[in-house]
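The values are calculated or read from the model by the stated rules, or taken from the named source; none is laboratory data. It should be emphasised that the depicted structure is a prediction, and the values quoted were computed from it without experimental measurement. Cβ placement follows ideal geometry from the backbone for every residue including glycine, while neighbour counts extend to all protein chains displayed. The protein model used for the area step is the full one, side chains on, heavy atoms only, and it has no ligands, DNA or RNA in it. Shrake-Rupley method; radii C 1.70, N 1.55, O 1.52, S 1.80 Å.
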Amino acid sequence: MGAKHYYIETYGCQMNVADSELVNAILAERGYERVENAEDADAILMNTCSVRENAETRIYGRIGAFKPMKRATATVVGVLGCMAERLRDELVERHGVDVVVGPDEYRRLPDYLEAAFRGEKAVGVKLSRTETYEDLAPLRENGVSAWIPIARGCDRFCSYCVVPYTRGRERSRSFTSILEEAKELARSGYREITLLGQNVNAYAEGGADFADLLAACADVAPPLRVRFATSHPSDFSERILQTIAERRNVCAYLHLPVQSGSNRVLELMNRGYTIERYLDIVDRARELSPDIAITTDVIAGFPTETEEDHRATLEVFRRVRYDGAYMFRYSPRPESKAARMDDDVPEETKKRRLQEIIDLQRTLSEENNRAWIGAERAVLVEGASKKSDERLSGRTDDNKLVVFPKPSNVAAGDYVLLRITDATSATLFGEGARKIEAEAAFREDGSAKRRAI
Ligand code: SAH
Ligand code: SF4
Ligand code: F3S
């Protein structure tokens, strides 16, 4: 019998993207070959997300779509990731899934698949206090930008959130294994790394904290640009902001989820900070790095949220003038503490409040982006733009997507300097791109100031 073929789809956060790269490495090691069409696969895998109900509904739709393929061949259907952890046997019993493997059991995925090929149902959902997969080299695809998970799990227990239940206890990877990986990525031509964790600020290993790790990663592989996500405002330190300001290859970009602008709601969410403390971090970040881009996550319609609470959220958006936001309607998650509260904000009200936040943010994003028109910006090229091969796209240090006409000598992984000529709420447009060295691209000095708005 030849090699087994598998097909994989990835949903949810960047941690799942990074986990799929581990799964790809684990399966390749055991002789599996990946295929691009589910029809050609012996195993169809979905790496899934449970964070909101509609994320799960979407997966049920996919499982249904794969069923006919299953009948036609001896195909095995597997659910990995957070839904596997949350729903376990239910996926087998009610949805006809053959293999269910949670985020801490990927090393055994090949064994579970073997069992399923023999006709057994396989469920592996043990969580671990120690598993970090730090000895495994992920199988990465994109040769420009790499995710490096630095910690797994989450101990914050925000009251609305399922992640502590699906990902288990927080554990940090060893400092040296992270630095080695960064060095290796720089050697093999990568240009950018993003340090990943549900709460990177909680990183702690052998006396080192996140600011130490960030600085060390920036210093160990200077041709690399360094990003990180996600920051929790409660574990935030002044030294992290100083590291961003001092290291030219640490990107001037902060994803700092606020969730609500109301102290009463923040308390019910168990977020552990007040809005005043949150705004202090924002102000200090801008004091140290004036053009730092700040993005956020927000939830509309948390239980008991009043119009006044909602207006407080809008007010924070106006005050911070975010560069971007991931905006969600509250969705009760059965395991979480908030699920025991009365989900008393009517759906219509949640929708309307969410829409008001979205509309405001679109205006802010557009104004912030348009303020860059006329400026020269350095861009790390990621590849052809979505709409045309004649145009390239890439990102600035502060994580803005820039689309521009392709000069003949420029390819993915190059840095270019260009002039911003137009902007929408989602994209900057540039012209006159010319190739520059990475070193010249880091934190372009005075020329990059946005216009006052
Ligand atoms: N660890 C990260 C993000 C985890 S989930 C952090 O703490 O920032 C990503 C986002 O999904 C959260 O920031 C939150 O805004 C949203 N989210 C999580 N649970 C939710 C729920 N039950 N309903 C609606 N949105 C939720
Ligand atoms: Fe969920 Fe809060 Fe942990 Fe983020 S910090 S993963 S929102 S519990
Ligand atoms: Fe979703 Fe799990 Fe990530 S619930 S957001 S895939 S940690």
* Given (1) touching a helix residue (DSSP H, G or I) at 6+ places or on another chain (Cβ under 6 Å); (2) on the phi > 0 side of the Ramachandran plot, index of the condition residue 270 fails -> (1)
* Residue satisfying all of: in region 1-24; open to solvent by less than 20 Å² (accessible area, probe 1.4 Å) and among the hydroxyl-bearing types (Ser, Thr, Tyr); nearest to residue 74 (Cα to Cα) among these -> 6
* **Residue in region 207-216 that is more than 23 Å from the chain's Cα centre (by Cα), more than 16 Å from ligand 1 (Cβ to nearest atom) and either on the phi < 0 side of the Ramachandran plot or not assigned by TED's automatic domain parsing to the domain that holds residue 401 (or both) present** => yes
* Tally, over region 373-392, of residues that are surrounded by fewer than 19 Cβ atoms within 10 Å (Cβ to Cβ), touching a residue at least 24 places away in the same chain (Cβ under 8 Å) and closer than 18 Å to residue 191 by Cα -> 1
* To do: Please go through region 25-40 and pick out each residue that is open to solvent by less than 50 Å² (accessible area, probe 1.4 Å) and within 16 Å of residue 77 (Cα to Cα).
  => 27, 32, 35, 38
* Among the residues listed as 136, 179, the single one being open to solvent by 20 Å² or more (accessible area, probe 1.4 Å), outside the structural domain of residue 215 (by TED's automatic domain parsing) and either in contact (Cβ under 8 Å) with a residue 40 or more places away in the chain or within 18 Å of the chain's Cα centre (by Cα) (or both) -> 136
* Asked: Taking residue 266 and the conditions (1) under 19 Å from the mean Cα position of the chain (by Cα); (2) closer than 28 Å to residue 319 by Cα; (3) buried (at least 23 other Cβ atoms within 10 Å of the Cβ), which numbered condition does it fall short on, given that it satisfies the others?
  -> (1)
* Asked: Hey, among 278, 253, which residue is open to solvent by less than 10 Å² (accessible area, probe 1.4 Å), in contact (Cβ under 8 Å) with a residue 12 or more places away in the chain and in contact with a helix residue (DSSP H, G or I) (Cβ under 9 Å, 6 or more places away or on another chain)?
  -> 278
* To do: Could you list, in sequence order, all residues of region 307-333 that are within 10 Å of ligand 1 (Cβ to nearest atom) and closer than 20 Å to residue 267 by Cα?
  => 327, 328, 329, 330, 331, 332, 333
* To do: Sort out which residues of region 209-241 are small (Gly, Ala, Ser) and either assigned to a helix (DSSP H, G or I) or touching a Phe, Trp or Tyr at 6+ places or on another chain (Cβ under 7 Å) (or both), and write them in order of number.
  => 211, 215, 216, 218, 234
* Asked: Can you find even one residue in region 53-69 that is in contact (Cβ under 8 Å) with a residue 40 or more places away in the chain, within 16 Å of ligand 2 (Cβ to nearest atom) and either farther than 17 Å from residue 7 by Cα or of a type in the set (A, V, I, L, M, F, W, C) (or both)?
  -> yes
* Structure fact -> Residue pairs within 8 Å by beta carbon, gap of at least six or interchain, first lying in region 333-356 and open to solvent by less than 60 Å² (accessible area, probe 1.4 Å), second among the acidic types (Asp, Glu), listed first then second, are 333/53; 345/305; 353/305
* Asked: Restricting attention to region 195-208, does a residue exist that is touching a Ser or Thr at 6+ places or on another chain (Cβ under 9 Å), assigned to a helix (DSSP H, G or I), closer than 30 Å to residue 338 by Cα and open to solvent by less than 10 Å² (accessible area, probe 1.4 Å)?
  -> yes
* To do: Search region 138-159 for residues being over 22 Å from residue 171 (Cβ atoms) and aliphatic (A, V, I, L, M), and hand back the single one that is nearest to ligand 3 (Cβ to nearest atom).
  => 139
* To do: Check region 343-354 and report whether any residue there is β-branched (Val, Ile, Thr), in a helix (DSSP H, G or I) and in contact with a helix residue (DSSP H, G or I) (Cβ under 8 Å, 6 or more places away or on another chain).
  => no
* Asked: Within region 102-114, is there a residue that is at positive phi and touching a residue at least 40 places away in the same chain (Cβ under 8 Å)?
  -> no
* Asked: Just to be sure, is residue 176 of a type in the set (Ser, Thr, Tyr) and assigned to a helix (DSSP H, G or I)?
  -> yes
* To do: Kindly indicate which of 313, 295 is assigned to a strand (DSSP E or B), open to solvent by less than 40 Å² (accessible area, probe 1.4 Å), over 24 Å from residue 184 (Cα atoms) and hydroxyl-bearing (Ser, Thr, Tyr).
  => 295
* Asked: Taking the condition in contact with an Asp or Glu (Cβ under 9 Å, 6 or more places away or on another chain), in contact (Cβ under 8 Å) with a residue 12 or more places away in the chain and under 29 Å from residue 336 (Cβ atoms), does residue 46 pass?
  -> yes
* Asked: Tell me, which residue of region 182-194 that is small (Gly, Ala, Ser) and part of a helix (DSSP H, G or I) is most open to solvent (accessible area, probe 1.4 Å)?
  -> 186
* Considering 144, 163, which residue is within 16 Å of ligand 2 (Cβ to nearest atom) and either in contact (Cβ under 8 Å) with a residue 40 or more places away in the chain or closer than 24 Å to residue 86 by Cβ (or both)? -> 163
